[in-house]
Structures are given as C-alpha cells and as structure tokens.
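Inspection log for the structure reproduced underneath, given as structure tokens.
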C-alpha cells in the first residue's frame, strides 16, 4: 500500500467543470466496490479523494492521459523538467505557441504547465488563456510536491485513452464494479471547455450503454440538470437533485479590468446537477470507507 492510497489528496490539474467542490457530497453516494472505473477521468477529483481500490481510469483526451502516465511512471523526470519554471504570461505564451515537444515527457510538461497557468485549466487551445495569481494558484515551486502525491496514488491503476463505447467492451464488469461517470455537460459550451467534443449522439449512446448495463454494475452519473437529460434517463432508478458551492478561479475580471491583486475575486456560485444512480442510496454502513 502506498502512502496516499487511503488519503484524500487534490487532483494534479485545474479542471473546468471538475468535481472538487462536490467531492464530499459525491462520496456519500459511493457504495462498497472492488473495482472502480471512470470512463471520463478528466481532473480525477473523486479518484484522488476516495480510498483506492482496483482502478481503471479512462479519458479520450490522449494528451491528458499521456500526462497522467508520465505522472504515474516518470514523475521525477517531470518534476526535474519543470524545476525552476515561473508562472508568467511570457512562459505561458511560449508553451502554448512556440514550444514543440519532441517526446512524451515534453508533451506532458507542456500540458501540465498550460493547465496550471491557464484560466480555470481550460485546455482548448483557442480558449487557453493565461490565468494565474500567486495568492490563488499553486506556486510552481510546489508543483513537484503535489505531483509526488498524485504519482503514488496512481501506482497500480490502469490508464486508458479509449472512446467510452470501446471501454465498456474492453473491461470486465461485474456486481462488484462501481463506475463514476462524469461526462461533458449537456448544455456546455463545447468549443470553450472541451478538447474532445461530445455531441447529442454521444449523450444518447452513453445512455443506451448504461441502460444495457443497469443490472450488471453499479454506477453514479453526474449531469447538468436539464429537461433533455431527465427525459433521456426517465427509466433510471434514482434521479437526485444536488447542489454545492463552487468558484471559477481567475486572475482578473477582464471585462472591468479588475485584478486579484487589487482585491478582485470570483463570487462563489451554486453548482446544480442531478445524480443518477442505479442502486439504493447507500447507508453509511453500506459505503466503502473513503478516508
């Protein structure tokens, strides 16, 4: 067992639409399980929060998963490569527009640097703008310490970069499998947030697959609360309304030319989503111990 297997830690990434502020809330719904699967791993806040079980972590974004593999298997090299970096607009511009990675390590360094220094961690290059503040973002000198923790927790996991349809055909599923499914939002601005688009057919295909497996595995789906999703999942056993506080981190209010150093900060907002689960809401005694 590694040091951080049973310790809640933060994701290595900033992530638009991530579940950092909902970690405790979601954990209350996670049942006991032997195998844990995330088809849309993204920032991985839930995996890094919960106690580790046998885990299969997947995302169709190959650059994201390459970075996770480097964090898992070559974290010391990544830390050494990033040693001495500064979070500046100039370096951000360099990594975004000028840097030409020659290998998987350099691709991971580019991805990680841009993620940590961009507004809300948005990695769609057209909207990947510098968004870092010393008081509100992890300082570069602390990146290595966090990456070490993430590397330890990733040891023993299986990292994949498949389309979600292919993932269900590839992995072995049974009653002891639990899937946490956090797909792109139905009403999200695809062009702004996501490197990989997720259209209406994708949402429908995901629903069909989950309906097919509804009696074979346990799963929890998080979705933005809208009529279209409620209609798609009208057959589901439980659709639960949930909300939590969250903030979108940024270094300035560009519209009004206000800076964080001048006292500007984003207002905390309410995240409103629905949880779709295909099992009875677990009692505390029926849950996996998460921390």
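FYI, it's all coordinate maths here, none of it is from the lab. The structure displayed is predicted, hence computed values, not measured ones. When we count neighbours, we look across all protein chains shown, and the Cβ atoms used for this are built from the backbone with ideal geometry, even at glycine.
Below are the figures for this structure:
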| quantity | calculated |
| --- | --- |
| Along each principal axis, Cα extent of segment 61-157, largest first, Å | 35, 29, 22 |
| Protection proxy ranking, peptides 58-71, 3-16, average beta carbon neighbours within 10 Å, highest first | 58-71, 3-16 |
| Calculated on alpha-carbon atoms, Rg and Dmax of segment 108-169 in Å | 14.9, 45 |
| Exposure proxy ranking, count of Cβ atoms within 10 Å, fewest first, for 217, 281 | 281, 217 |
| Exposure proxy ranking, count of Cβ atoms within 10 Å, fewest first, for 107, 230 | 230, 107 |
| Rg and Dmax [Cα atoms of segment 1-147; Å; Rg one decimal, Dmax integer] | 15.5, 48 |
| 234, 55 arranged by Cβ crowding within 10 Å, fewest neighbours leading | 234, 55 |
| Dimensionless Rg over Rh [segment 81-213; C-alpha; Kirkwood] | 1.02 |
